[in-house]
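Encoded as structure tokens, the structure appears first; notes follow it.
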Amino acid sequence: MHRSIATVSLSGTLRQKLEAVAAAGFDGIELFEADFINFKGTAAELGRIAGDLGLSIDLYQPFRDFEGMPEPQFRRSLERAERKFDLMEAMGAPTVLCCSNTSPLSVNDPALAAAQLHELAERAARRNLRVGFEALAWGRHTSLYGQAWDIVRRADHPHLGLILDSFHTLSLKDDPAGIAAIPGDKIFFLQMADAPLLSMDVLQWARHHRSFPGQGDFDVVGFFEQVLRAGYTGPLSLEIFNDIFRETPNRRTAVDAMRSLLYLESEARGRLVAEAPMQPLQVELFNPPPVSALSGLSFIEFAADEASAATLDTLVKQLGFRRIGKHRSKAVTLYRQGEINLIVNAQPDSFARGRFEAHGTSVCALGVRCGDPLAAVDRATAMRSQRHDSPVGPHELHVPAIVAPGGNLIHFVPEALGANGLYEADFVLQDEGADANDAGLQRIDHVALGLAVDQLDTWVLFTRAVLGLEPGESLELADPFGLIRSRGVANADRSVRLVLNVSLSQRTRTARTLSVTGGGAVHHIALGCADIFDSAAKLRANGTRFVPISDNYYDDLATRIDIAPELLARMREAGVLFDRSPAGDYLHIYTENTEGGLFFELAQRTAGYDAYGALNAPARMASQAQE
Ligand code: MG
Ligand code: MG
């Protein structure tokens with residue numbers, strides 16, 4: 001499809017926006033009027049700049065407060081429209097977006113609105129321009145696409161059509177199914193936006209909290225599918241009003257934007273093909289290699305200098321790990337417990353990588369097990385992620401990797417290697433054999449990332465489009481010094497779980513950790529066990545210290561949840577936290593911070609429990625603050 005984006009979706013000057021959009025591979029833009037009004041140059045000059053960058057100007061927007069107006073205002077608006085048509089002709093924009101009227105002067109008269117839009121379209125037709133009519137969710141009399149379509153149909157002019165915007169339909173919980181019945185050539189333009197589910201005024205929601213498709217909670221794929229069923233083959237565009245995007249470097253936003261459209265096209269394509277395999281598509285839709293299913297976290301790799309490697313050695317041994325091997329060609333050590341592999345990389349280049357050069361302990365790579373690593377890398381590069389090739393020594397395995405947002409690496413470890421195949425190939429195994437130290441930690445339950453505020457949506461889309469993970473609920477948690485927003489993402493069988501945390505305040509521990517590492521660091525690692533009391537006791541005996549939990553927490557817990565008194569007493573004594581969902585329980589405990597701010601969590605979950613004990617995070621954060 002012809003891929004486009006509204007200039008309001010990005011930060012920067014108009015020229016910078018166009019350059020970022022062109023670099024990300026877009027075909028065109030929607031010109032947001034304020035961007036043009038403040039542009040130092042003529043409409044013709046803007047048209048040339050866009051043309052030189054290979055971009056068409058697909059839409060001029062918005063034209064407001066037009067239909068349903070009393071005669072004097074209507075006449076003035078027609079004059080206003082002629083001046084906008086002058087600009088559109090000069091810059092080469094074929095279509096203007098006219099959004100439904102919000103003025104208190106407007107009257108609720110669809111026949112009048114149709115007659116007035118007919119006259120506007122007639123004027124546009126004289127210059128071979130087109131008018132698209134869009135229902136704003138907060139339009140005074142027209143807020144639904146069905147109402148806008150009714151007016152367009154009544155107006156019956158070839159230069160007047162409908163503009164659809166997923167935000168307006170999905171924010172009002174209107175059913176998009178009716179779109180499929182609208183003739184595709186009467187839909188002049190399609191704007192896509194996702195959004196988190198929020199209970200707030202729809203205008204504020206629309207102006208500040210839209211996001212790219214795949215970043216929010218709307219069924220944007222279902223919406224797009226209906227538009228395709230209508231036979232629409234015009235531009236696929238993004239119109240995103242988002243406070244954070246207004247600040248984020250526009251090159252990064254443009255890459256996210258392109259990834260979101262590729263994701264949207266490929267998901268919609270998948271649905272259409274599945275429902276009618278023999279039916280030819282009416283427009284080409286992006287068709288990337290399918291997601292290669294992940295089947296677990298194989299390893300976590302820490303970047304370390306010599307001093308922090310020694311600190312880490314002590315720390316992970318206290319956690320019950322044993323050193324089992326040295327890398328064949330690199331200053332890399334492997335530790336293991338249960339199925340968990342921790343790799344400490346003291347190569348100079350590991351420490352210089354991306355954002356993790358700061359100090360203390362930090363994670364530089366994750367290894368995920370996967371059936372077809374090369375297909376996984378193909379998928380990732382198709383979805384605009386970068387491949388990463390590490391130097392490979394003799395007899396070592398090449399493990400395909402990609403660069404995650406923020407600079408971390410994700411390695412795809414072939415399932416065919418079995419649990420230890422990779423390590424047998426790349427490491428000289430010298431198992432210390434001191435299993436006595438084992439604390440019963442069995443697997444990586446989840447890895448929590450601390451992200452800069454402008455990285456959360458990026459990561460949600462990256463994990464969804466590239467890795468095939470699905471986001472869970474978005475939660476806001478209270479730290480004594482501000483709010484943390486937390487969102488889990490996981491694969492279908494829940495063998496890979498990541499938790500994405502951002503701090504909305506500069507003063508929380510999460511934010512301060514980020515200011516050391518530059519953002520995008522592993523915040524904590526949760527290790528799963530079968531008997532948390534036994535594991536915690538062994539770790540304590542090894543010298544691990546846990547975050548102490550207030551007695552008041554347990555008094556309160558007993559009032560909220562029906563727990564056996566013996567279990568409550570054990571949790572109180574051990575400092576173990578508890579969460580219950582209808583399907584299962586979660587017991588967990590946090591270690592105190594290492595010098596870099598990283599810490600560990602022990603987790604014991606029953607099968608049905610599908611979250612991360614986030615409601616207990618404030619207990620941890622408050623306790624850490626009182627230290
Ligand atoms: Mg719109
Ligand atoms: Mg956790």
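The values are calculated or read from the model by the stated rules, or taken from the named source; none is laboratory data. Note that the structure is a prediction, hence the values are computed from the model and not measured. Using ideal geometry, Cβ is built from the backbone for each residue, glycine included, and neighbour counts are taken over all protein chains shown. Surface areas here come from the heavy atoms of the whole protein model, side chains and all, with no ligands, DNA or RNA. Shrake-Rupley method; radii C 1.70, N 1.55, O 1.52, S 1.80 Å.
Details
- Residue that is open to solvent by less than 30 Å² (accessible area, probe 1.4 Å) and either among the basic types (K, R) or under 16 Å from T510 (Cβ atoms) (or both), where the choices are Y590, Y612: Y590
- Residue count for the range 186-231, restricted to those that are within 20 Å of R259 (Cβ to Cβ) and part of a strand (DSSP E or B): 6
- If you go through the range 467-494 and pick out every residue that is more than 26 Å from D219 (Cβ to Cβ) and in a loop (DSSP other than H, G, I, E, B), you end up with 2.
- Restricting the first member to the range 153-179 and to residues that are under 18 Å from L112 (Cβ atoms), and the second to residues that are part of a helix (DSSP H, G or I) and among the basic types (K, R), the beta-carbon pairs closer than 9 Å and six or more apart or on different chains are R153/K186; L160/K186.
- Residues being under 17 Å from G234 (Cα atoms), part of a loop (DSSP other than H, G, I, E, B) and either within 36 Å of the chain's Cα centre (by Cα) or within 16 Å of ligand 2 (Cβ to nearest atom) (or both) - total across the range 150-185: 2
- Residue check for L297: closer than 30 Å to I324 by Cα and either over 14 Å from the mean Cα position of the chain (by Cα) or not assigned by TED's automatic domain parsing to the domain that holds V489 (or both): yes
- Scanning the range 92-128 for residues that are open to solvent by less than 10 Å² (accessible area, probe 1.4 Å) and hydrophobic (A, V, I, L, M, F, W, C) gives A93, V96, L97, C98, C99, A113, A114, L117, L120, A121, A124.
- Among residues of the range 442-466, those that are in a helix (DSSP H, G or I) and either open to solvent by less than 10 Å² (accessible area, probe 1.4 Å) or not acidic (D, E) (or both), counted: 11
- You will find that of R545, R512, R605, R620, the residue that is at pLDDT 95 or above and either more than 16 Å from ligand 1 (Cβ to nearest atom) or under 25 Å from the mean Cα position of the chain (by Cα) (or both) is R605 and no other.
- Per-region count, the range 249-275, residues modelled with pLDDT under 95 and touching a Ser or Thr at 6+ places or on another chain (Cβ under 6 Å): 1
- Test for P196: is it surrounded by fewer than 21 Cβ atoms within 10 Å (Cβ to Cβ), in contact with a strand residue (DSSP E or B) (Cβ under 8 Å, 6 or more places away or on another chain) and touching a residue at least 24 places away in the same chain (Cβ under 8 Å): yes
- Residue tally, condition under 20 Å from E601 (Cα atoms) and either out of contact with any helix residue (DSSP H, G or I) (no Cβ under 6 Å at 6 or more places or on another chain) or not polar (S, T, N, Q) (or both), over the range 481-500: 13
- Within the range 541-557, residues that are open to solvent by 60 Å² or more (accessible area, probe 1.4 Å) have Cβ atoms under 8 Å from residues that are assigned to a helix (DSSP H, G or I) and at pLDDT 95 or above in these pairs: D551/R572, counting only partners at least 6 apart in sequence or on another chain.
- Residue list for the range 314-339, filter: outside any strand (DSSP E or B), among the hydrophobic types (A, V, I, L, M, F, W, C) and closer than 18 Å to I444 by Cβ: L315, V316, L319, F321
- Flag for A564 being surrounded by fewer than 20 Cβ atoms within 10 Å (Cβ to Cβ), more than 23 Å from L319 (Cβ to Cβ) and over 33 Å from the mean Cα position of the chain (by Cα): yes
- Among the candidates L568, L577, L557, L527, the residue that is closer than 21 Å to F321 by Cα and modelled with pLDDT of 95 or more is uniquely L527.
- Qualifying residue in the range 254-273 (condition: touching a His at 6+ places or on another chain (Cβ under 9 Å), within 16 Å of ligand 1 (Cβ to nearest atom) and closer than 27 Å to F32 by Cα): no
- Residue among P110, P62, P72 that alone is out of contact with any helix residue (DSSP H, G or I) (no Cβ under 6 Å at 6 or more places or on another chain), away from ligand 1 (no atom under 16 Å from the Cβ) and not basic (K, R): P72
- Residue pairs whose Cβ atoms lie under 8 Å apart, sitting 6 or more positions apart in sequence or on different chains, and linking a residue in the range 226-252 that is free of Cβ contacts under 8 Å to residues at least 40 places away in the same chain to a partner that is open to solvent by 20 Å² or more (accessible area, probe 1.4 Å), are D243/H208; D243/H209.
- Residue list for the range 262-285, filter: surrounded by 19 or more Cβ atoms within 10 Å (Cβ to Cβ) and not in a helix (DSSP H, G or I): L285
- Filter result for S350 (at pLDDT 90 or above, buried (at least 23 other Cβ atoms within 10 Å of the Cβ) and within 21 Å of P391 (Cβ to Cβ)): no
- For the residues T559, T544, the requirement of being more than 21 Å from L297 (Cβ to Cβ) and touching a helix residue (DSSP H, G or I) at 6+ places or on another chain (Cβ under 6 Å) singles out T544.
- Taking residues in the range 461-483 that are farther than 28 Å from V403 by Cβ, and partners anywhere that are acidic (D, E), the pairs with Cβ atoms closer than 8 Å and at least 6 places apart or on different chains are L483/E476.
- Among the residues making up the range 615-627, a single one is open to solvent by 30 Å² or more (accessible area, probe 1.4 Å) and within 12 Å of ligand 2 (Cβ to nearest atom): L615.
- Residue in the range 553-574 that is of a type in the set (F, W, Y), within 27 Å of G450 (Cβ to Cβ) and away from ligand 1 (no atom under 16 Å from the Cβ) present: yes
- Here the range 140-149 is the region considered, the condition is being among the hydrophobic types (A, V, I, L, M, F, W, C) and in a helix (DSSP H, G or I), and the residue that is least open to solvent (accessible area, probe 1.4 Å) is A148.
- Residue count, the range 593-609 (criterion: open to solvent by 40 Å² or more (accessible area, probe 1.4 Å) and within 15 Å of ligand 2 (Cβ to nearest atom)): 3
For (1) touching a residue at least 24 places away in the same chain (Cβ under 8 Å); (2) under 19 Å from T253 (Cα atoms); (3) assigned to a helix (DSSP H, G or I), each residue gets a yes or a no:
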residue	(1), (2), (3)
F26	yes, yes, no
L31	yes, yes, no
G41	no, no, no
G47	yes, no, yes
M69	yes, no, no
L78	yes, no, yes
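- Any hit, the range 117-130, residues being among the aliphatic types (A, V, I, L, M), under 16 Å from Q61 (Cα atoms) and within 16 Å of ligand 1 (Cβ to nearest atom): no
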